[in-house]
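Worksheet: one structure, shown below.
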Amino acid sequence: MDLDYLAQTLKQSLGIVHKQDIQNVARFLTTANALTDILLGDDCAAIPDGDGYLLLATEGMMPDFVASDPWFAGWSAVMVNVSDIYAMGGRPIAVVDTIWSQDAAISQPLLAGMSAAARAYQVPIVGGHTNARSEYNALSVAILGRAQQLISSFQAQPGDRLLMAIDLRGKLHPKYPFWNAATETDPARLRADLELLPKLAENGLCDAGKDISMGGIIGTTLMLLETSNCGAVLDLDAIPRPVEIPFDRWLVSFPSYGFLLSVRPDRVSAVEQVFRDRQITCTDIGEVISTPQLMLKDRQESTIFWDFDREHLTGFGDRV
């Protein structure tokens, strides 16, 4: 493959461009956050509480997604929040939603999708806000969870191995870069597979990572490196993927079950085995380094994809 061409294509993908939009909010939050020491830039806000942490997060759905596939948008709004909680080593407590619609009928498939996901993941919807007389249709969902031990975006260290854990038993959405391994899966299996994350944290096997988000594995790697003030060498040939999807599209796809973990070398085998015991693919795809760059490589060549000394992604981390 032509790595330079691939790198330019990836940089222009919406999943990564949208992450750069966060810089405007990052500057505001850095000032607004002066009254607390809660770290900014993780999958959830981790709020110290007793002997653990409350986890707070929210997600908004893309307007065209809400319009074209409302049931799946409702499902996904719950699913992505649940994933954020588990990604940080936590377990979800409850969600609330905000729905703005042009009339009450439009909100029904959104509510049906959210309800189905809430049942599947066993996370109650306990309130929110509704407006059925809006000039537009929009959906966002917020979630509360709790963790005893954190998996954090701020804990990757040079020398760590980057592991990609992903459920490849799914299919790509016909329009959007979403790998759906959830809606047709046994709910009990969904919950048991997610439970692996807090178990890894509580057993001391992993303290650094993120769920693979709308920026795909490339954008997620960048976010992890930015907050941890590290770099990485990513081996593209090692990235697990479905054979039927073009590679450049897969690299920026969002999976319903996918996590990037930064793991100390002596714990890699144990972490890989935890996922393999559940028939989930878990593969070593690279190494964290001290140089603040993301380098992409394959068998033939390598290229510097991102240099944090020259450009931000989200703007979170010490380089803000």
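Things to note:
- Among the residues here, residue 212 qualifies as closer than 19 Å to residue 182 by Cα and surrounded by 24 or more Cβ atoms within 10 Å (Cβ to Cβ).
- Residues of region 57-113 classified as aliphatic (A, V, I, L, M), over 27 Å from residue 41 (Cβ atoms) and part of a helix (DSSP H, G or I), total: 7
- Among residues of region 244-262 that are at pLDDT 95 or above, those with a Cβ under 6 angstrom from a residue that is of a type in the set (Ser, Thr, Tyr), sequence gap 6+ or separate chain, pair up as 260/220.
- For region 26-42, a residue qualifies if it is in a loop (DSSP other than H, G, I, E, B) and either surrounded by 16 or more Cβ atoms within 10 Å (Cβ to Cβ) or modelled with pLDDT of 85 or more (or both), and the qualifying residues are 38, 39, 40, 41, 42.
- Positions within region 95-150 being of a type in the set (Phe, Trp, Tyr) and without any contact (Cβ under 8 Å) to a residue 60 or more places away in the chain, in sequence order: 100
- Under the condition of being assigned to a loop (DSSP other than H, G, I, E, B) and either among the small types (Gly, Ala, Ser) or modelled with pLDDT under 95 (or both), the residues counted in region 155-168 number 2.
- In region 297-318, the count of residues that are within 30 Å of residue 183 (Cα to Cα) and either touching an Asp or Glu at 6+ places or on another chain (Cβ under 8 Å) or of a type in the set (Val, Ile, Thr) (or both) is zero.
- Selection within region 287-320 - touching a Lys or Arg at 6+ places or on another chain (Cβ under 8 Å) and on the phi > 0 side of the Ramachandran plot: 315
- Identity of the residue in region 115-135, in a helix (DSSP H, G or I) and touching a Phe, Trp or Tyr at 6+ places or on another chain (Cβ under 7 Å), that ends up surrounded by the fewest Cβ atoms within 10 Å (Cβ to Cβ): 116
- For region 232-244, the criterion of being touching a strand residue (DSSP E or B) at 6+ places or on another chain (Cβ under 7 Å), farther than 13 Å from residue 219 by Cα and of a type in the set (D, E, K, R) is met by at least one residue.
- Residue selected from region 172-206 under the condition part of a strand (DSSP E or B) and at pLDDT 95 or above, by the criterion surrounded by the fewest Cβ atoms within 10 Å (Cβ to Cβ): 180
- Filtered residues of region 229-266 (kept if under 17 Å from residue 169 (Cβ atoms), surrounded by 23 or more Cβ atoms within 10 Å (Cβ to Cβ) and hydrophobic (A, V, I, L, M, F, W, C)): 254, 259
- Subset of region 207-253 [of a type outside the set (A, V, I, L, M, F, W, C) and in a loop (DSSP other than H, G, I, E, B)]: 207, 213, 215, 229, 240, 241, 242, 244, 246, 253
- Within region 43-53, being part of a loop (DSSP other than H, G, I, E, B), in contact (Cβ under 8 Å) with a residue 40 or more places away in the chain and within 14 Å of residue 149 (Cα to Cα) holds for 44, 51.
The values are calculated or read from the model by the stated rules, or taken from the named source; none is laboratory data. Here the structure is a predicted model, which means the values were calculated and not measured. Positions of Cβ are generated from backbone atoms using ideal geometry, with glycine treated the same way; all protein chains shown enter the neighbour counts.
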